1. Which residues, counting only those in region 23-40, are β-branched (Val, Ile, Thr) and either on the phi > 0 side of the Ramachandran plot or surrounded by 10 or more Cβ atoms within 10 Å (Cβ to Cβ) (or both)?
2. Could you please give the count of residues in region 146-178 that are in a loop (DSSP other than H, G, I, E, B), surrounded by 15 or more Cβ atoms within 10 Å (Cβ to Cβ), of a type outside the set (A, V, I, L, M) and in contact (Cβ under 8 Å) with a residue 24 or more places away in the chain?
3. Considering only region 110-118, I want to know if a residue exists there that is open to solvent by less than 50 Å² (accessible area, probe 1.4 Å), at pLDDT below 95 and assigned to a loop (DSSP other than H, G, I, E, B).
4. State whether the residues of region 127-139 include one that is in contact (Cβ under 8 Å) with a residue 40 or more places away in the chain, surrounded by 16 or more Cβ atoms within 10 Å (Cβ to Cβ) and touching a Gly at 6+ places or on another chain (Cβ under 8 Å).
5. What residue, among those in region 41-97 that are acidic (Asp, Glu) and open to solvent by less than 90 Å² (accessible area, probe 1.4 Å), is modelled with the lowest pLDDT?
Amino acid sequence: YFDKFKVDSYEDDRSVLHVTYSADLGNFPYTWTQTHVTCTLYADGSFTVIGTGAMDDPESHEASYEDPGTGEIIHYTAWDHQKWYNFKHYIQTVTVGEGVTSISKLAFEQSNLSSVSLPSTLTLIDDNAFSYCAQLTAINIPAAVTTIGEGAFAATGIANVTIPSGVTAIADETFSGC
């Protein structure tokens with residue numbers, strides 16, 4: 001997908017490179033089929049998730065690094081991005097259909113989304129599902145949700161949220177940076 005992007009301008013402020021780009025993404029809609037759901041991005045920036053069951057997590061692999069202070073080898077699981085990650089800047093609204101039971105890890109991280117509609121069937125919002133979605137200022141968490149993963153809404157614009165009484169697990173840093 002990167003071959004369709006063209007850099008229009010860039011600005012370097014010594015710590016962060018800001019890139020403004022345009023793209024001709026070709027023919028919409030783009031569709032990704034997972035085990036239980038189908039995800040579609042439309043030309044107007046709307047993204048839908050329809051089906052029955054859970055969204056697939058992105059691919060993962062085992063990784064390790066050496067702690068420079070102790071020399072200890074630290075092993076961890078590294079997660080790749082969802083297949084639509086290259087289109088994240090085009091996602092403005094997300095509608096998850098009835099029957100979908102989970103939002104996967106990293107599902108919409110760093111997207112430009114400002115609006116999310118979640119179904120009553122949702123039980124899990126996984127790790128970093130909406131992290132770094134700065135334009136996201138409100139979320140209605142459905143009553144059936146029992147688990148909200150680590151960093152699920154970190155660095156969003158959410159200032160107030162109501163947690164349903166059925167939520168039994170809220171991971172660390174779920175709303176950090178909000």
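1. Correct list: THR31, THR33, VAL37, THR38, THR40.
2. Residues flagged as in a loop (DSSP other than H, G, I, E, B), surrounded by 15 or more Cβ atoms within 10 Å (Cβ to Cβ), of a type outside the set (A, V, I, L, M) and in contact (Cβ under 8 Å) with a residue 24 or more places away in the chain within region 146-178 amount to 7.
3. Yes; the residues of region 110-118 include at least one that is open to solvent by less than 50 Å² (accessible area, probe 1.4 Å), at pLDDT below 95 and assigned to a loop (DSSP other than H, G, I, E, B).
4. yes
5. ASP80
The values are calculated or read from the model by the stated rules, or taken from the named source; none is laboratory data. Being a predicted model, the structure only gives us computed values, none of them experimental. All Cβ positions, glycine included, derive from the backbone under ideal geometry; neighbour counts span all protein chains shown. Just so you know, the surface numbers come from the protein's heavy atoms only, side chains and all, with ligands and any DNA or RNA stripped out. Shrake-Rupley method; radii C 1.70, N 1.55, O 1.52, S 1.80 Å.
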